[in-house]
1. Show the residue pairs meeting these rules: Cβ distance below 7 Å; 6+ apart or different chains; first residue within the range 32-47 and without any contact (Cβ under 8 Å) to a residue 24 or more places away in the chain; second residue of a type in the set (D, E, K, R) and surrounded by 13 or more Cβ atoms within 10 Å (Cβ to Cβ).
2. In this structure, does residue 43 turn out to be among the small types (Gly, Ala, Ser), at pLDDT 95 or above and touching a strand residue (DSSP E or B) at 6+ places or on another chain (Cβ under 7 Å)?
3. Among the residues of the range 79-94, is there at least one that is more than 22 Å from residue 140 (Cβ to Cβ) and modelled with pLDDT of 90 or more?
4. Could you grab me the full set of residues in the range 38-65 that are in a loop (DSSP other than H, G, I, E, B) and among the β-branched types (Val, Ile, Thr)?
5. Which members of the range 116-132 meet the condition of being under 13 Å from residue 78 (Cβ atoms), β-branched (Val, Ile, Thr) and surrounded by fewer than 17 Cβ atoms within 10 Å (Cβ to Cβ)?
6. For residues in the range 99-144 being touching a helix residue (DSSP H, G or I) at 6+ places or on another chain (Cβ under 8 Å) and within 22 Å of residue 57 (Cα to Cα), which is modelled with the lowest pLDDT?
7. If residue 26 satisfies all but one of (1) of a type in the set (Asp, Glu); (2) in a strand (DSSP E or B); (3) at pLDDT below 95, what's the number of the condition it fails?
8. Scan the range 97-121 for residues that are aliphatic (A, V, I, L, M) and under 18 Å from residue 52 (Cα atoms) and jot them down.
Amino acid sequence: MKRLALFLITACLSIGVMAADIIKPDRKEVFGDITVHYNTFNSTFLTPDIAKAAELIRSKNQGVINVSVLKGGKPLLAQVSGSVKDLTSSSVPLKFKQVTEQGAIYYIAQYPVNLQEVRTFEIKVQTGDKINTLNFNQELFPGQ
């Protein structure tokens, strides 16, 4: 009985390690000479000043996705679009807006996070006449 309990505990703990292995730690995709960095988080991680400046809603039920596109290590203008799907394949379009700061260009969008679940993101990045698509899964949690 102790061996079974130890096995179950070990199995439960290792699931998190396997899931962490699937998520790319550097959160980037390389398409030839174009590198796309991406990150998603709950909007409560933003300070009120930053959220206001970026015209984002700070809420425990709002997520933010941030995308940057680089060529040769320098920011590149792009058209970014995408969607986020829940486990029932219900899709929410992502409306990205460009944020330009000194030496950087970001594309940000918000999406609802009503409960803890894994979501699938599909992001399309167009540079010139080329469209690159990246897909990733992310477990999301409503904020505190």
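1. 46/58
2. Numbers: among the small types (Gly, Ala, Ser): yes; at pLDDT 95 or above: no; touching a strand residue (DSSP E or B) at 6+ places or on another chain (Cβ under 7 Å): yes.
Answer is no for this residue.
3. Checking the range 79-94: at least one residue is more than 22 Å from residue 140 (Cβ to Cβ) and modelled with pLDDT of 90 or more.
4. Correct list: 47, 57.
5. Across the range 116-132, the qualifying residue is only 131.
6. First, the residues of the range 99-144 that are touching a helix residue (DSSP H, G or I) at 6+ places or on another chain (Cβ under 8 Å): 110, 137, 139, 143-144.
Remaining after also requiring within 22 Å of residue 57 (Cα to Cα): 110, 139, 143-144.
Values: 110: 97, 139: 90, 143: 71, 144: 59.
Taking the candidates together, the pick is 144.
7. Of the numbered conditions (1) of a type in the set (Asp, Glu); (2) in a strand (DSSP E or B); (3) at pLDDT below 95, the odd one out for residue 26 is (2).
8. Result: 99, 105, 108, 109.
The values are calculated or read from the model by the stated rules, or taken from the named source; none is laboratory data. Not measured: the values here are computed from a predicted model. Glycine gets a Cβ as well: all are built from the backbone with ideal geometry, and neighbour counts include every protein chain shown.
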